[in-house]
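First up is the structure itself, then whatever we jot down about it.
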Amino acid sequence: MDPKYQRVKLNDGHFIPILGFGTYAPEEVPKREALEVTKFAIEVGFRHIDCAHAYKNEEYVGQAIRSKIADGTVKREDIFYTSKLWTTCLQPELVQSALEKSLKSLQLDYVDLYLIHTPVALKPGEEILPTDEDGKLIFDFVDLCHTWEVSPRRREPGEEPGEREPPSFLPLALEKCKDAGLTKSIGVSNFNHKQLEKILNKPGLKYKPVCNQVECHPYLNQSKLLEFCKSHDIVLVAYGALGAQRLSQWINPNHPHLLEDPVLCAIAKKHKQTPALVALRYQVQRGVVVLAKSFNKKRIKENIQVFDFELAPEDMEAIDGIKRNIRYYEFLPVIDHPEYPYSEEY
Ligand code: NDP
């Protein structure tokens, strides 16, 4: 089936393609490599591209998208592009300029989805990971509801309109960026259910987050968070769905390789598919939007075949059975931050 028609409706009426192309590559990979692989991904049928300011390659990913628009392969509206607000810009007055910086790198007029990258705020500034002289990350403390949108202060009884409400009182945080057309949709990433609840219960909430992008794969299948998200019409987007990139900076090397799991391998063999395709298909069939990163043309082409087969209910059950709470991206350097999301069960 043509992958570009496989989409899910978001709670704000826009549609997100079920399969997304991940563009985060390790530091040692030249940033420019994102250009060729993103162009190739669009050529083979990917329509959803996941990127972020912190990946430092938005310039090349944007160039790839514009080049595929220019050569007539796609129109801008065929592409669903996600960017993310980096964690040094969670103070509400920094949100709009951060998004505008991404748009300038991309040379696009809007993004389709803008996410709070993680709930853990770090000290504002140019550095992606600000550290002190001991090499420790410097935290910032932000009310996540303010990053979403600072609510207009209600007038006191008898107070004249405008008297204490200069326009600068309301910085352009996420909801206003959507209203201004800089992004079509807004959402979050790496939030636990309590952090999501905080936004959902925010007084004066105008837009619910459309999604929560989190690590999700058969070893950490996020069944409770998925149920919570579904009950609030929030889409769960899975990253690390192929077992994550095993980057020494982030990943515990003792964690097992997902794609070598015997159950996944047996199901793959039965369907004459690869374990990677089974891991992606598992998410599609449980209503999860799934990202697949590859900078290898053969594997990029392989991953789009996720729509060409179906897992039986007993396959899905068997994959549910291999969950074992293995989180590849633990983000341990921020474990002491009050908004560290993984202290909660889900
Ligand atoms: P994945 O789990 O998607 O992929 C892991 C590795 O699998 C890749 O390095 C890739 O290597 C390999 N691979 C891809 N396809 C196949 C295949 N068919 N067979 C065998 N191996 C394969 O990686 P990520 O952890 O990067 O997650 C995907 C994306 O999610 C990221 O690129 C990023 O866009 C996003 N993300 C978001 C985060 C957040 O905090 N919101 C955090 C982490 C990721 P190769 O390139 O050599 O093919």
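The values are calculated or read from the model by the stated rules, or taken from the named source; none is laboratory data. Because the structure is predicted, anything quoted here is derived from the model rather than measured. Neighbour counts are summed over all protein chains in view; Cβ atoms, including those assigned to glycine, are modelled from backbone coordinates with ideal geometry. Note: accessible area is taken over every heavy atom of the protein model, side chains too, but ligands, DNA and RNA are not part of it. Shrake-Rupley method; radii C 1.70, N 1.55, O 1.52, S 1.80 Å.
For the chain, the residue among Val188, Ile319, His117 whose Cα projects farthest onto the positive side of the dipole built from Cβ charges is Ile319.
In terms of overall dimensions, the C-alpha atoms belonging to the stretch 211-286 reach 36, 35, 14 Å along their principal axes, ordered largest to smallest.
Compactness of the stretch 1-146, taken as the C-alpha radius of gyration over 2.2 N^0.38 Å, stands at 1.12.
Dividing the alpha-carbon radius of gyration of the stretch 165-295 by the rule-of-thumb value 2.2 N^0.38 Å gives 1.31. Extension gain, Asn11-Lys272: 0.36 nm per intervening residue step, less the Cα-Cα distance, totals 90.3 nm.
The accessible area of His257, taken with all protein chains in place and a 1.4 Å probe, comes to roughly 90 Å². Rounded to the nearest 10 degrees, the angle from helix 58-70 to the longest Cα principal axis of the chain is 70 degrees. Solvent-accessible surface of the chain, taken per residue with a 1.4 Å probe and all protein chains present: 46 Å². Dividing the mean sequence gap of close Cα pairs (under 8 Å, 6+ apart) by how many residues the chain holds gives a relative contact order of 19 percent.
Relative to the longest principal axis of the Cα atoms of the chain, the long axis of helix 92-106 lies at roughly 50 degrees. Place a +1 charge on the Cβ of each Lys and Arg in the stretch 204-275 and a -1 charge on the Cβ of each Asp and Glu, then give the dipole magnitude about the Cα centre in debye, rounded to the nearest 20. With only Lys, Arg, Asp and Glu charged at Cβ, the dipole is about 180 debye. Rounded, prolate or oblate, given the Cα gyration tensor of the chain, with a/c below 1.5 counting as rounded? Prolate is the answer for the chain, as a/c is 1.5 or above and a/b outweighs b/c.
Taking the chain as the reference, fit the longest principal axis to its C-alpha atoms, fit the long axis of helix 275-285 to the helix C-alpha atoms, and give the angle between the two in degrees, 0 to 90, nearest 10. The angle comes out near 50 degrees.
Over the stretch 45-88, the fraction of Cα-Cα pairs per 5 Å bin, rounded to whole percents and listed from the shortest bin up, is 5, 21, 31, 21, 12, 6, 2, 1.
When nucleic acids and ligands are ignored and a 1.4 Å probe is applied, Lys206 ends up with an accessible area of around 120 Å².
Considering helices alone, the calculated mean residue ellipticity of the chain at 222 nm is -8500 deg cm²/dmol, with DSSP H runs of length four and up weighted by -39500 (n - 2.57) and normalised per residue.
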